[in-house]
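The values are calculated or read from the model by the stated rules, or taken from the named source; none is laboratory data. The shown structure was predicted, so the numbers you read here are calculated from the model rather than taken from an experiment. Cβ coordinates were reconstructed from backbone atoms using ideal geometry, including for glycine residues, and neighbour counts include every protein chain displayed.
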Amino acid sequence: MANPNVSDIIATTVQNRSKTIADNVTQNNAILMRLSEKGKIKTIGGGSEIMQEISFAENSNGGWYSGYDILPVGVSDVISAATFQIKQAAVPIVISGLEMLQNAGRERMIDLLDARLSVAESTIKNLISIGLYSDGTAAGGKQIDGLDKAIPADADAGTYGGIDRAVAANAFWRPKVSATSAAPVVADIQGHMNDLWVQTVRGTDRTDLIMVDNSTWSTYVASLQAQQRFTTPETGSLGFSSIKFMDSDVVLDGGIGDQCPAGTAFFLNTDYLHYRPHSGRNMVPLSPDRRYATNQDAEVQILAWAGNLTCSGAQFQGRLTMVAP
């Protein structure tokens with residue numbers, strides 16, 4: 001059996017690193033970083049689903065009156081909720097009995113664990129980052145409901161958050177989408193972005209973050225005059241390449257390991273997006289107890305996450321797709 005003292009080191013090291021890993025996952029992604037800045041990262045405490053309150057209509061009692069006119073006070077149902085499944089992710093951290101013997105000194109074991117934890121951290125970062133752009137169908141529907149689910153290319157297709165977008169009464173739950181049958185070109189890209197941006201504006205509600213792929217980024221940058229190019233210090237200081245469109249940050253989610261779909265720009269109003277990790281499963285060991293393989297000389301600690309990306313205002317989100325046939 002493995003050295004119990006070494007097992008304690010493994011358990012406590014993973015436990016102590018869990019908060020750091022959760023923070024690093026947030027800071028590694030421009031979408032999550034923006035949601036964190038706006039207080040849109042809120043943990044859930046339980047329940048079979050994540051309930052996200054939405055306002056889908058105006059109060060029908062509102063109106064003009066004069067003098068002694070009777071004021072309507074009937075019930076006006078304007079608040080509902082979208083429901084999202086709790087999705088789960090895990091990364092096992094495995095230490096063999098031989099490695100425990102070879103690294104029995106506390107410092108040596110922590111060095112080994114740090115290396116394994118760094119790999120686990122990178123792995124779960126990538127799982128979350130990929131999931132944030134997904135339609136939630138990967139791994140048999142176990143993946144996060146990402147932007148491809150919240151803002152599909154077909155605005156009135158499918159059910160999202162338990163609400164069927166094909167139903168006419170649910171038009172408020174459809175994002176704004178625009179598509180061209182050609183790859184992005186310098187002469188046209190700002191016009192396409194202007195047209196979509198206008199559709200997502202309602203008073204002070206408007207796009208504040210635009211996530212783009214490599215080709216859209218390169219084309220948009222090339223369309224700008226030299227004096228128009230400027231970055232946002234708050235975004236740039238955390239390592240994200242960004243420029244401006246209107247008053248929105250345009251952020252490249254490309255380069256090596258790009259996640260944003262080719263020829264795509266997601267126009268996000270992050271006031272209505274929410275990252276909802278479970279309070280008991282936000283990058284924590286799946287169990288503080290020791291886990292031994294029944295037929296191997298090895299110990300496993302599992303780094304686990306549960307939650308989802310939710311939305312409370314799909315109509316304020318947009319998607320521009322520019323892909324050659």
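Observations on the structure shown:
- Of all residues assigned to the stretch 85-106, none qualifies as being buried (at least 18 other Cβ atoms within 10 Å of the Cβ), in contact with a helix residue (DSSP H, G or I) (Cβ under 6 Å, 6 or more places away or on another chain), at negative phi and of a type in the set (Lys, Arg).
- Any hit, the stretch 37-52, residues being closer than 22 Å to residue 173 by Cα, surrounded by 13 or more Cβ atoms within 10 Å (Cβ to Cβ), of a type in the set (S, T, N, Q) and modelled with pLDDT of 70 or more: yes
- Residue match in the stretch 264-282 (condition: of a type in the set (Gly, Ala, Ser), at positive phi and modelled with pLDDT of 90 or more): no
- Filter result (under 21 Å from residue 286 (Cα atoms) and without any contact (Cβ under 8 Å) to a residue 12 or more places away in the chain) within the stretch 115-140: 115, 118, 119, 122, 139
- Residue match in the stretch 302-313 (condition: within 24 Å of residue 41 (Cα to Cα), under 15 Å from the mean Cα position of the chain (by Cα), modelled with pLDDT of 85 or more and of a type in the set (Ser, Thr, Tyr)): yes
Okay, residues lined up against (1) more than 23 Å from the chain's Cα centre (by Cα); (2) within 15 Å of residue 246 (Cα to Cα):
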site	(1), (2)
170	yes, no
175	no, no
180	yes, no
185	yes, no
193	no, yes
197	no, yes
200	no, yes
203	yes, yes
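- Those residues of the stretch 79-112 which are modelled with pLDDT of 75 or more, of a type in the set (A, V, I, L, M) and assigned to a helix (DSSP H, G or I), in sequence order: 98, 100, 101, 112
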